1. Between 4, 43, 19, which is touching a Lys or Arg at 6+ places or on another chain (Cβ under 9 Å), farther than 18 Å from residue 109 by Cα and not polar (S, T, N, Q)?
2. Mind checking which residues of segment 34-69 are in contact with a strand residue (DSSP E or B) (Cβ under 7 Å, 6 or more places away or on another chain), of a type outside the set (S, T, N, Q) and closer than 30 Å to residue 21 by Cβ?
3. Hey, residue 87 hits all of (1) crowded, with 17+ Cβ neighbours inside 10 Å; (2) touching a residue at least 60 places away in the same chain (Cβ under 8 Å); (3) of a type outside the set (D, E, K, R) but one; which does it fall short on?
4. Taking segment 4-51 only, how many residues are within 27 Å of residue 112 (Cα to Cα) and more than 15 Å from the chain's Cα centre (by Cα)?
5. Can you confirm whether segment 93-106 contains a residue that is surrounded by fewer than 20 Cβ atoms within 10 Å (Cβ to Cβ), touching a Pro at 6+ places or on another chain (Cβ under 8 Å) and touching a residue at least 40 places away in the same chain (Cβ under 8 Å)?
6. Return yes when residue 79 is within 15 Å of residue 8 (Cα to Cα) and among the β-branched types (Val, Ile, Thr) and no when it is not.
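Each value in this text was obtained by applying a stated rule to the coordinates, not by laboratory testing. Remember, it's a predicted structure, so these values are computed and weren't measured experimentally. Every residue, glycine among them, receives a Cβ derived from its backbone with ideal geometry; neighbour counts consider all protein chains shown.
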Amino acid sequence: MSELSNHQCIATPKDSPKLRDSEIAQLQPQIPDWVVETNNEILRLENTFSFGNFIEAMAFANKIADIAEANDHHPALLVQYGSVKVSWWSHSIGGLHLNDFVLAAKTDKAYTNK
């Protein structure tokens, strides 16, 4: 598989299957800083990114907003002084889809290129 961050997402149809544990385990090494968490019985990918101040954190959150809009896939963002917590999951299926891993990789790339 080519680098995840090079993939384009399309909206996740409601009838799409959630990723199986074996598929998650295969994709996880490609985004090693992300953690699979369960929140309200829904698997999500989560990572927290550090910044020097609130303005830098907000600028990164805005980059993620642009990426989300371009891919029609939207995360939960928690912006605080010096950090942004990003949570990706597919709302339409209530769990993880390949799109979530692609967007996590795109998030990592945006952070690396900050």
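1. None of the others qualify; the one that does is 43.
2. 34, 35, 36, 37, 42, 43, 44, 45, 46, 49, 64, listed by residue number.
3. (2)
4. 5
5. Looking through segment 93-106, at least one residue is surrounded by fewer than 20 Cβ atoms within 10 Å (Cβ to Cβ), touching a Pro at 6+ places or on another chain (Cβ under 8 Å) and touching a residue at least 40 places away in the same chain (Cβ under 8 Å).
6. When the stated conditions are applied, residue 79 does not pass them.
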